[in-house]
Each structure stands twice: as structure tokens, then as C-alpha cells.
Amino acid sequence: MQAKVFRALGTRKLTKIQYFNQSSSLSKEEVYYSRSSPFIVRYFENGHLVNESFLSKNGYCYLKQEINPKTGRYSGFWSWGVDGEVKFYKSIWDWRRDFVRDVVCAKSTENILLCDGNNVPPQFLRMRNERFRVFAVIHMNHRGTNDKLRKHYAAYFDRLGEFDGVICLTEEQAQELRREFSVNDSLFVVPNRIASLDRSVVMAEQRIYDATVISRLETGKGVEDAVDAFKFVVDRLPSAQLSIFGSGSERERIEKAVIRNGLRDNVTLRGVTSAPMLEMSRSKVFMFTSESEGFGLTIAEAMSSGAPVVAFDCKYGPASLISNGMNGFLVQGRSNFELADNVVRLLDDDLMRSEFSHKSMEWFDNNLSDSAIMQRWNLAFNLK
């Protein structure tokens, strides 16, 4: 028997071992994850996966999945309970429901299940009873670029009225859901929880970046638009600097936009940062250029760090977070010139920038602090 050993780059920790028979066909695979024993063991016949076992740290098999080698589909699931009982399931969802009911919530008489994903609700809706309340959590924009309901969410949204409650992230989305679906009394707005920055590091004199973008460099994030808009900023403020943090498949395209606009001395692509809010706290202005969002997390993070935001308005998020002309600027119609004009206004006016900064942090504390978020969850769950 031969084997291939895989290790992580940098740490050299063991990640996987593959075993091959005398005909060099894969027969077994062990998957490791930061421990000395495998947590998944897979077996193959003629190179096709036939079953996989999930193991605890002490080597105890708690779930075994059987796969049809011809179709690649799961054909059954064996589960071992803590008492040694073995039970067969035809569907992984049957096992998951039993796991939630008999293990996670075995000793609890009142439980709330949060369904976050379009394939989850039909399964857990079957658990609704006196012990379980089931809530749908919508953390994404349910509309596509054509402004129609995304097809893969259709079955999910058709059943919204069956839930004990529906939770979305912004009031703007909530208004649309009320108009389109029967969720008036059961709909609650609970924004994302943001880990706020230590305000002691938020100092005006430490804001070394003129403007900042922090985003994945992917289609739909509009980072190229930020570069194009910054050309208008530089036309009026020749020494202005834009720092872009992030990585993604659009990096080369964005680099070409920098060259095309003659901004090599003004725009810097700084790669991924492990401390985005710290970089925001170093920014005089934060630019937000996404075409679509579920919430606009980076806007909220920038507001927490006191960086005034200039944003293209989109569904959903910017209009729910920014009070135009008070703690930031909202730009309609994706006008690069208007985006740039508002950036210049903030960079040119220290007093306005300072007022926007303080109002942003104040709005965050009143609406997105831990206590404010918990009040919303308690309201949704009818808890005191």
C-alpha cells in the first residue's frame, strides 16, 4: 500500500492522508484538523467514494454516511448515540432533527430555532410544536440584479408565513417583505452585531489615510468605481490618497483602473488586513461602493470607528445606516462625480468631518451597541 501525506503550508500540520492499493487506486482517506487523530475517514471502491465516518477526538464514530458509488448520492446514514444505540436514517435531515431534539435540546422545554439558509426552513418547520419555535433569519438581499426574487430563494419565501417569526437586517428590506409576504406581525428587524473598536484609539490626529475602501475585490463590490471616482477627487486635491484593503479576482482589473486614471501616486492596493476597524479608525473618509448588500457591514464598522462614510445607495443597508448630510453622505444613481464631490467636501472641511465622525459614533452607540441589539432580540423572542 502507498500513501500521500498532505500538510498545511507554513505550519506543516497534518491535514490529510490518502491511501492507495496496488493498482494505485484511491482506497482510503483520512482528514485531520488541528489534531493528531482523523475526524473524517473515507473509503473508496474503484476510486469512487462509498462511505465516510465522522469521529470524535477519542476515535468514537458518531455518524457514518453511505454513498452510492454509481450516482454519488447519499443512500443512508448510521448514527451512534452516547448510549451505544445505532440508528439508521434515510436522510441527513432526519438525523439533524433528531440531533437537535434529542441531544442539543434534550433537557429544555422552550427552544428557538433560527433558520439561516434557503434549504433549512422546510426541514425545521416540521419541528414546530409546544417545545420549539422556529424563526427565519434573512441575512441577504433576496432580490437579484433584475430586482426580482432570486429563484433559489423562492421556496423559502413562499413559506415565510409559516414561521413563528421572521428576522431581517434592515427596515428597508422589512418594508418590502411586509408588502409582498404575509409577515406583518411576525417580522422583526435585528441588525448584525458589530464588535466595536476601543474608542481610545479613535483619535483625529491618527487618521493618516485620506480615504479608504475595505472590500473583497470581486464583481458587485464596485471597487473599480471607487478608483474612477477618485480621479475627480485628485483633480481638485492633487495630493489626496486612497488606500484599498482586500483581495479577490478583480485585483488586476482594479490595478488597470489605477493606471488608466493616472493614479499610481494616489491609490495604493494594500492587500488583506487582519484589523479592518483599526484601518478605518485611521481614515478620514470611508468609501462604500457595493451594488447590492444584505446589510452593509463595513458601513457600520466605519461608523463605530468614527470614519464618515460616503456611499452609493443600494439595497440594502446604506439608507438604514446613514442619515444623509448628518453623519455621512448617500449618493443616488451611482454617480462617480457626486461620490467624489462628497469625499472632497469632507476632506476639505475639518469641522464637518469632525461633526460627522462624532454623530456616526453616537448613532452606532444608540442603534448598534450590544445592548441595543439584545433589546431587539428580546422583543422578537418575546423575552423580558
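The values are calculated or read from the model by the stated rules, or taken from the named source; none is laboratory data. Owing to the predicted nature of the structure, the values given are computational and were not obtained by experimental measurement. Here Cβ is always computed from backbone atoms with ideal geometry, including for glycine, and neighbour counts include all displayed protein chains. Accessible surface areas use protein heavy atoms only, side chains included; no ligands, DNA or RNA. Shrake-Rupley method; radii C 1.70, N 1.55, O 1.52, S 1.80 Å.
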Return a yes/no flag: does region 139-155 have any residue that is over 30 Å from Asn342 (Cβ atoms) and in contact (Cβ under 8 Å) with a residue 60 or more places away in the chain. no
Restricting the search to region 355-384, which residues are among the small types (Gly, Ala, Ser) and surrounded by 14 or more Cβ atoms within 10 Å (Cβ to Cβ)? Ser357, Ser360, Ser369, Ala372, Ala380
Hey, can you tell me all the residues within region 105-127 that are open to solvent by 80 Å² or more (accessible area, probe 1.4 Å), more than 22 Å from the chain's Cα centre (by Cα) and within 22 Å of Lys90 (Cβ to Cβ)? Arg126
In region 206-233, anything part of a loop (DSSP other than H, G, I, E, B), hydroxyl-bearing (Ser, Thr, Tyr) and open to solvent by less than 30 Å² (accessible area, probe 1.4 Å) is listed as Ser215
Those residues of region 55-69 which are open to solvent by less than 50 Å² (accessible area, probe 1.4 Å) and part of a strand (DSSP E or B) amount to Leu55, Cys61, Leu63, Gln65, Ile67
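For Glu162, state whether it is farther than 23 Å from Glu291 by Cβ, acidic (Asp, Glu) and modelled with pLDDT of 85 or more.
Values: farther than 23 Å from Glu291 by Cβ: yes; acidic (Asp, Glu): yes; modelled with pLDDT of 85 or more: yes.
The answer is yes for Glu162.
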In region 280-298, the residues that are in a helix (DSSP H, G or I) and either among the hydroxyl-bearing types (Ser, Thr, Tyr) or under 21 Å from Arg345 (Cα atoms) (or both): Met280, Ser281, Thr298
Which condition from (1) modelled with pLDDT of 90 or more; (2) out of contact with any Asp or Glu (no Cβ under 6 Å at 6 or more places or on another chain) is the one that Gln123 breaks? (1)
Just give me the residues in region 70-91 being open to solvent by 30 Å² or more (accessible area, probe 1.4 Å), under 33 Å from the mean Cα position of the chain (by Cα), on the phi < 0 side of the Ramachandran plot and not polar (S, T, N, Q), in sequence order. Arg73, Tyr74, Trp78, Lys90
Output the number of the condition that Leu351 fails; it satisfies all remaining conditions of (1) at pLDDT 95 or above; (2) surrounded by 19 or more Cβ atoms within 10 Å (Cβ to Cβ). (2)
Taking the condition of being in a helix (DSSP H, G or I) and either basic (Lys, Arg) or surrounded by fewer than 20 Cβ atoms within 10 Å (Cβ to Cβ) (or both), how many residues in region 138-159 meet it? 6
Does region 322-344 contain any residue that is assigned to a helix (DSSP H, G or I), of a type in the set (A, V, I, L, M) and surrounded by fewer than 23 Cβ atoms within 10 Å (Cβ to Cβ)? yes
Being touching a residue at least 12 places away in the same chain (Cβ under 8 Å), exposed (fewer than 14 other Cβ atoms within 10 Å of the Cβ) and out of contact with any Asp or Glu (no Cβ under 8 Å at 6 or more places or on another chain) narrows Arg236, Arg282 down to just Arg236
Please verify whether Ser290 is touching a strand residue (DSSP E or B) at 6+ places or on another chain (Cβ under 9 Å) and within 21 Å of Pro191 (Cβ to Cβ), treating the condition exactly as stated. yes
For region 128-138, give me each residue that is over 17 Å from the mean Cα position of the chain (by Cα) and touching a residue at least 24 places away in the same chain (Cβ under 8 Å). Arg128, Arg131, Phe132, Arg133, Val134, Phe135
